[in-house]
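The values are calculated or read from the model by the stated rules, or taken from the named source; none is laboratory data. Quantities reported herein were computed from a predicted structural model and do not represent experimental measurements. Please note: Cβ atoms are built from the backbone with ideal geometry, for glycine as well, and neighbour counts cover all protein chains shown.
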């Protein structure tokens, strides 16, 4: 049977499907070595299904015909995050293997800067790639913040929840969707979250030190979000002021009455 172009899956769909197969193999390897249980399988596969669907939909909306090298690197990171998700989910039943968990997280974070460099060097930077990279980072931070909540307290989940609270707020307040100016400090704060959570996950420092490190990272993240939100609000106020000034200075149109033609006498029309 020959599959025509109209019915054949596109390259992003094939890439996402291949990623799902690789994730299944990773979960099987973790299950056979350290164990992830049924809850780990469920969490990992659910994550993979959402990842695949979101990637395919995003590619079709943006007209992306192939993933490219940079997105493949990001997809590799995303698959590692799937393994981390399975281990963290299973940690609610029994202690997770710290060495394996930290190794997966470490490789995922190490690859964080690789996809961006590949995109710039190959001239394949896209809006989808940037969004894909950001969402993978955000979900990894969320999963790790849930994991360290065990020894440190559930306040740590705020680190992972900030991104999703911001997205939810932008649905209600469209002005929060405005593009933010690039800032190096924002990258530093984002990197600090990963470092702090990895240190706390590894458990190589005393609990009191981990508490201070993660709390400091949360404070810096809060400062970053407050500053960005304030900038967005000031930009919105400036935009409203400009619109209002333009509206007040534009002269009102004066209605012009059209001259009606004189009625034709009945004798002429007849």
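Remarks
- Looking across segment 193-223, the residues that are more than 15 Å from residue 162 (Cβ to Cβ) and either outside any helix (DSSP H, G or I) or within 21 Å of the chain's Cα centre (by Cα) (or both) come down to 195, 198, 203, 204, 205, 206.
- Tabulated pairs, segment 24-48, first closer than 14 Å to residue 84 by Cβ, second assigned to a helix (DSSP H, G or I) and at pLDDT below 95, C-beta under 7 angstrom, 6+ apart or interchain: 48/20
- Segment 162-180 - residue that is within 12 Å of the chain's Cα centre (by Cα) and surrounded by 14 or more Cβ atoms within 10 Å (Cβ to Cβ) and, of those, farthest from residue 209 (Cα to Cα): 166
- Options 208, 224, 185: the member that is crowded, with 19+ Cβ neighbours inside 10 Å, over 27 Å from residue 55 (Cα atoms) and at pLDDT below 95: 224
- Complete set of residues in segment 156-181 that are in contact (Cβ under 8 Å) with a residue 40 or more places away in the chain and closer than 20 Å to residue 200 by Cα: 156, 158, 159, 162
- Among the conditions (1) modelled with pLDDT under 90; (2) part of a helix (DSSP H, G or I), residue 43 misses just one, which is (1).
- Index of the failed condition, residue 38 passing every other in (1) under 27 Å from residue 11 (Cα atoms); (2) surrounded by fewer than 23 Cβ atoms within 10 Å (Cβ to Cβ): (1)
- Unique match (being modelled with pLDDT of 95 or more and more than 25 Å from the chain's Cα centre (by Cα)) among 29, 25: 29
- Number of positions in segment 78-108 that are crowded, with 19+ Cβ neighbours inside 10 Å, touching a residue at least 60 places away in the same chain (Cβ under 8 Å) and under 19 Å from residue 193 (Cα atoms): 4
- Residues of segment 49-67 classified as farther than 15 Å from residue 81 by Cα, free of Cβ contacts under 8 Å to residues at least 60 places away in the same chain and buried (at least 23 other Cβ atoms within 10 Å of the Cβ), total: 1
- Verdict on residue 59 being under 15 Å from residue 128 (Cβ atoms), assigned to a helix (DSSP H, G or I) and either touching a helix residue (DSSP H, G or I) at 6+ places or on another chain (Cβ under 7 Å) or at pLDDT 95 or above (or both): yes
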